[in-house]
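Worksheet for the structure shown next.
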There are 2 protein chains.
Amino acid sequence: MNSNNVTIYDVAREAGVSMATVSRVVNGNPNVKPTTRKKVQDAIDRLGYRPNAVARGLASKKTTTVGVIVPDISNIFFADLARGIEDVATMYKYNIILGNSDANRDKEIHLLNTLLGKQVDGIIFMGGRLHEDLVEEFKRSPVPIVLAATLNQGYDLPAVNIDYEQAAYDATEMLIGHGHKQVGFITGPLEQQINGEKKFAGYRRALEDAGLPFQENDVILGNYTYASGLEAMQKMLERDDCPKAIFAGTDEMALGVIHAIQDAGFSVPNDFEVVGHDNTRLATMIRPKLTTVVQPMYDIGAVAMRLLTKILNAEEVEEKNVVLPHRIERRDSLRND
Amino acid sequence: MNSNNVTIYDVAREAGVSMATVSRVVNGNPNVKPTTRKKVQDAIDRLGYRPNAVARGLASKKTTTVGVIVPDISNIFFADLARGIEDVATMYKYNIILGNSDANRDKEIHLLNTLLGKQVDGIIFMGGRLHEDLVEEFKRSPVPIVLAATLNQGYDLPAVNIDYEQAAYDATEMLIGHGHKQVGFITGPLEQQINGEKKFAGYRRALEDAGLPFQENDVILGNYTYASGLEAMQKMLERDDCPKAIFAGTDEMALGVIHAIQDAGFSVPNDFEVVGHDNTRLATMIRPKLTTVVQPMYDIGAVAMRLLTKILNAEEVEEKNVVLPHRIERRDSLRND
DNA sequence: TTTCCAATTGGAAACGTTTTATATGGCGTG
DNA sequence: CACGCCATATAAAACGTTTCCAATTGGAAA
């Protein structure tokens, strides 16, 4: 009855075979005569045998478990990514051990070591910035590591991303195309490469290509949250020459931006136009609905996990640095052309 | 250098002691002479030894890993819960294996068995409804299971919840207190006990206590999402006798409700008043800001995990069925009194 | 000194699998 | 009818810990 503590040995005895044979049946090894297989299967059912994955892991050195490190699972953004990872993991019979790092270096390193101690078969890592010490640890990891929505900063690590620079360029260009001579940019900390070297660079390139001047105070840094977006825009609105077009680094900040504008008595998109980034579910939960850069978090997670399975199975991997396509989803926070 | 594949035996040889002693040092067993401890510790550092948790799990029958089953981690609601669980788990040196069930019975059962196969020390389960088969499996589980934000439906399982009936009562009563003779109720499927037997019951009791009639068509069922809230309210608005006060079963639905009202040209809270449920971060990301019932998901997760650790350590547990306090957070979707 | 007890250490079994090398059986072939 | 081979099955050795029990050590008391 209680399926607990019945071992492969019990099954072997019950079925009148050796444990090796039971092992083969359980693992779908073809070298078993059908009648034997049935006999064993019956014994398994009768006893309610459930293989002990820990023992299996010890003997085979494979745990069919992968570690997932994200900054904060309660952030819709990472949660979406995690779901993509988990779905593909399930598809390939893996389970995931999830850990939150708060993008903190020490936690990241500690988590990594815990996961390696647990003998995960691989790791998917997401973080704002790759600290050197972390990369050192990565390098000596006995299992493969894949970065998701995290730039590999020149290190030779498999990674799945979109082209953030181009995406920011496209968003800025779209705003400029609506006649704006000035575009505000509200994003996260610039020391995170994704903001500093990519989005920011794309923003500047777009200005430059349009022959527009770059103005230091058109850029405000927040911390990705709604509140920081709201605050940043409020600050921006105090200026006499406040830009009437805003590109926000995340949707959540974009919501804050829109509300700050509306709270000040202006209209989006009539007085101000706003473009967000990520296309989280939030984008449609606001009026006007948000035009935003689509960063397919679910897909990034799914592709990252698929990439990891390929590496684990020693399948051929054509390109370790995957760049997924992006696009801009047009909604009502932008005027019609 | 490579901390991989160096075993306790290597450390023992390096330190000139037996593996039993190394094991004691690693596990902080006090019965080791300080000088010996140091010798061993040095050897560990020199070799970069990292204990193999799988072997440890096999020998000790403890994996310091707990399983977490949620319907969908990409839902902000469950993500918050998961974060609470993970934080407390980390505090007690546990890791979590996370699985998504989509509230699907077969997936739930499959997931449960996978987790048990992996020898988790305990499980935290969240789901809309406890199917009989699932409960059967729960009963024969060799490890403790704690329900989080999930009613135990009369089964004797440890659980952490709030008083949903009273919360719904309070919300409805508050709306009635604002002079409404009619209150709309938009929630999830009634077959989920939390909606059908709790929130719905609280709603009806509040009407009854106020001497107001219950009207079938004041209740509309959705599926928790923004879109379903929007749609439900649009339907409601078609009626001539549409209620001017709405209690929505989740914040996300409440946002949909508010937007439906605004899209129809009405004002919240002047024409309609709305109360949500959960107090997710969404509640402040809308104008007007949402008045909502606070269901502390993070806390529920944290308390559930803490409860599980108590059970695992055989600590005394005074009450296995924990009911956390709730309250209503007043914001602008309600008129001032 | 001896004796004895407590503190410390070591040896080896156990945990439940996988896996390798080896044995067995049946059957077609010459 | 004997031989060799392929398909199956078995036995036993890993895998890297923990833990029980026994052995040793050290020092205080006698």
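The values are calculated or read from the model by the stated rules, or taken from the named source; none is laboratory data. Since we're looking at a predicted model, the values are computed, not measured. No Cβ is skipped: glycine too gets one built from the backbone with ideal geometry, and neighbour counts run over all protein chains shown.
A few notes on this one:
- For segment B:280-300, the set of residues classified as in a loop (DSSP other than H, G, I, E, B) and of a type in the set (Ser, Thr, Tyr) consists of B:Thr280 only.
- Selection of segment B:75-116 for residues being outside any helix (DSSP H, G or I) and buried (at least 21 other Cβ atoms within 10 Å of the Cβ) yields B:Asn75, B:Tyr94, B:Asn95, B:Ile96, B:Ile97, B:Leu98, B:Gly99, B:Asn100, B:Ser101.
- Qualifying positions in segment A:165-187 - touching a residue at least 60 places away in the same chain (Cβ under 8 Å) and either among the β-branched types (Val, Ile, Thr) or more than 19 Å from A:Gly211 (Cβ to Cβ) (or both): A:Gln166, A:Ala167, A:Thr172, A:Ile176, A:Val183, A:Ile186, A:Thr187
- Out of B:Lys107, B:Lys139, B:Lys93, one residue alone is modelled with pLDDT under 95 and within 14 Å of another protein chain (Cβ to nearest Cβ). It is B:Lys139.
- The numbered conditions (1) more than 7 Å from DNA strand C (Cβ to nearest atom); (2) out of contact with any helix residue (DSSP H, G or I) (no Cβ under 6 Å at 6 or more places or on another chain); (3) β-branched (Val, Ile, Thr) are all true for B:Thr36 except (1).
- Filter result for A:Val22 (modelled with pLDDT of 90 or more, under 28 Å from B:Val120 (Cβ atoms) and within 12 Å of DNA strand D (Cβ to nearest atom)): yes
- Only one of A:Leu312, A:Leu307 that is modelled with pLDDT of 95 or more, more than 30 Å from A:Asn217 (Cα to Cα) and under 15 Å from the mean Cα position of the chain (by Cα): A:Leu307
- Of all the criteria given as (1) within 13 Å of chain A (Cβ to nearest Cβ); (2) without any contact (Cβ under 8 Å) to a residue 24 or more places away in the chain; (3) among the acidic types (Asp, Glu), the one not satisfied by B:Asp102 is (2).
- Qualifying positions in segment B:59-74 - over 21 Å from A:Asp102 (Cβ atoms), more than 16 Å from DNA strand D (Cβ to nearest atom) and either among the basic types (Lys, Arg) or crowded, with 21+ Cβ neighbours inside 10 Å (or both): B:Gly67, B:Ile69
- Taking segment B:301-327 as the range and being in a helix (DSSP H, G or I), in contact (Cβ under 8 Å) with a residue 24 or more places away in the chain and more than 13 Å from chain A (Cβ to nearest Cβ) as the test, the residues that pass are B:Val303, B:Ala304, B:Met305, B:Arg306, B:Leu307, B:Leu308, B:Thr309, B:Ile311, B:Leu312.
- The number of residues in segment B:29-58 being in a helix (DSSP H, G or I), within 13 Å of DNA strand D (Cβ to nearest atom) and out of contact with any Asp or Glu (no Cβ under 8 Å at 6 or more places or on another chain) comes to 11.
- Residues of segment B:1-19 that are among the aliphatic types (A, V, I, L, M), more than 7 Å from DNA strand D (Cβ to nearest atom) and either away from chain A (no Cβ under 14 Å) or under 27 Å from A:Ala53 (Cβ atoms) (or both): B:Val6, B:Val11, B:Ala12, B:Ala15, B:Val17.
- Of all residues making up segment B:284-294, the number that are surrounded by 23 or more Cβ atoms within 10 Å (Cβ to Cβ) and either more than 14 Å from chain A (Cβ to nearest Cβ) or among the aromatic types (Phe, Trp, Tyr) (or both): 3
- Reported count of residues in segment A:264-283, each being at the interface with chain B (Cβ under 9 Å from one of its Cβ atoms) and either buried (at least 24 other Cβ atoms within 10 Å of the Cβ) or at pLDDT 95 or above (or both), is 1.
- Once segment B:15-28 is narrowed to residues that are within 12 Å of DNA strand C (Cβ to nearest atom) and part of a helix (DSSP H, G or I), the residue that is surrounded by the fewest Cβ atoms within 10 Å (Cβ to Cβ) is B:Ala20.
Matching residues to (1) touching a strand residue (DSSP E or B) at 6+ places or on another chain (Cβ under 8 Å); (2) within 30 Å of A:Pro158 (Cα to Cα):
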{"site": "A:Thr284", "(1), (2)": "no, no"}
{"site": "A:Gly301", "(1), (2)": "yes, yes"}
{"site": "A:Val317", "(1), (2)": "no, yes"}
{"site": "A:Val322", "(1), (2)": "yes, yes"}
{"site": "A:Asn336", "(1), (2)": "no, no"}
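- Selection count where residues are buried (at least 17 other Cβ atoms within 10 Å of the Cβ), at pLDDT 95 or above and out of contact with any helix residue (DSSP H, G or I) (no Cβ under 8 Å at 6 or more places or on another chain), scope segment A:194-217: 1
- Within segment A:117-155, the set of residues being without any contact (Cβ under 8 Å) to a residue 24 or more places away in the chain, part of a loop (DSSP other than H, G, I, E, B) and within 20 Å of the chain's Cα centre (by Cα) comprises just one member, A:Gly154.
- Pick from segment B:117-133, criterion over 25 Å from A:Ile8 (Cβ atoms) and at pLDDT 95 or above, ranking: farthest from the other protein chains (Cβ to nearest Cβ): B:Phe125
- Hits in segment B:43-82 - residues which are more than 19 Å from B:His277 (Cβ to Cβ), more than 7 Å from chain A (Cβ to nearest Cβ) and touching a residue at least 60 places away in the same chain (Cβ under 8 Å): B:Val66
- Residue tally, condition assigned to a strand (DSSP E or B) and on the phi > 0 side of the Ramachandran plot, over segment A:225-279: 1
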